[in-house]
Amino acid sequence: MAILKILLHPDSRLKKVAEPVASVTDDLRRFADDMLETMYEAPGIGLAAPQVAMMNRMIVMDCEKDAEARPQPMVMLNPQVLWTSEDRNVYDEGCLSIPDQYAEVERPAEVEVAWMGLDGKTRRERFDGLWATCVQHEIDHLDGKLFIDYLKPLKRQMITRKMQKLKREMARD
């Protein structure tokens with residue numbers, strides 16, 4: 001397994017719509033393992049393929065926060081939201097592509113998602129709490145949308161300027 005390079009905002013690849021995964025291959029399974037390792041190392045609770053420059057509709061996530069509990073890694077290919085609750089949740093979201101920046105984002109409190117697993121089988125599950133927020137956040141990445149796109153323009157511009165400064169500093173080092 002390998003740690004992948006996470007793209008940082010602003011990067012035009014993060015604004016592109018990802019292509020559907022056509023078939024499950026051994027290369028794709030290895031890439032899923034690399035994505036999970038990258039997510040855990042970062043550390044984060046979710047990662048979408050476009051964040052590591054793979055323009056396919058693939059996400060990984062694990063929202064198990066209890067250090068004593070067993071990890072619950074999930075890999076979703078071509079995930080899509082089938083249903084959303086009318087109830088809303090506000091969560092202070094962050095993103096591995098926008099490090100150290102957080103903002104409150106309102107989303108449906110529950111969602112039902114369908115996806116293809118690495119075994120090629122279709123799955124469906126209803127998510128709530130942090131899992132619902134995370135899966136929606138990651139699916140947004142597949143559609144070229146970032147959590148800052150939900151913010152007011154001034155706040156979004158402020159975060160983007162901070163990220164541009166961070167990228168300049170990283171380029172100098």
Requested in this report: Using a 10 Å cut-off on Cβ atoms, rank the peptides 163-169, 120-126, 89-95, 44-50 from the highest mean neighbour count down.
Outcome: 44-50, 89-95, 163-169, 120-126
Report task. List nothing, just return the count: lysine pairs in the chain, 8 or more apart or interchain, with Cα separation under 25 Å. Result -> 28
**Report entry** Gyration tensor verdict on region 1-135 (Cα atoms; rounded if a/c is under 1.5, prolate if a/b is larger than b/c, oblate otherwise)
**Finding:** rounded
Report summary line: Output row, site residue 80, 7 Å Cα→C-beta label point, backbone N cut-off 20 Å, window region 140-158, residues 140-145
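Every number in this text was worked out from the coordinates using simple rules, so none of it is lab data. Everything numeric here is computed off the predicted structure, so don't read it as measured data. Using ideal geometry, Cβ is built from the backbone for each residue, glycine included, and neighbour counts are taken over all protein chains shown.
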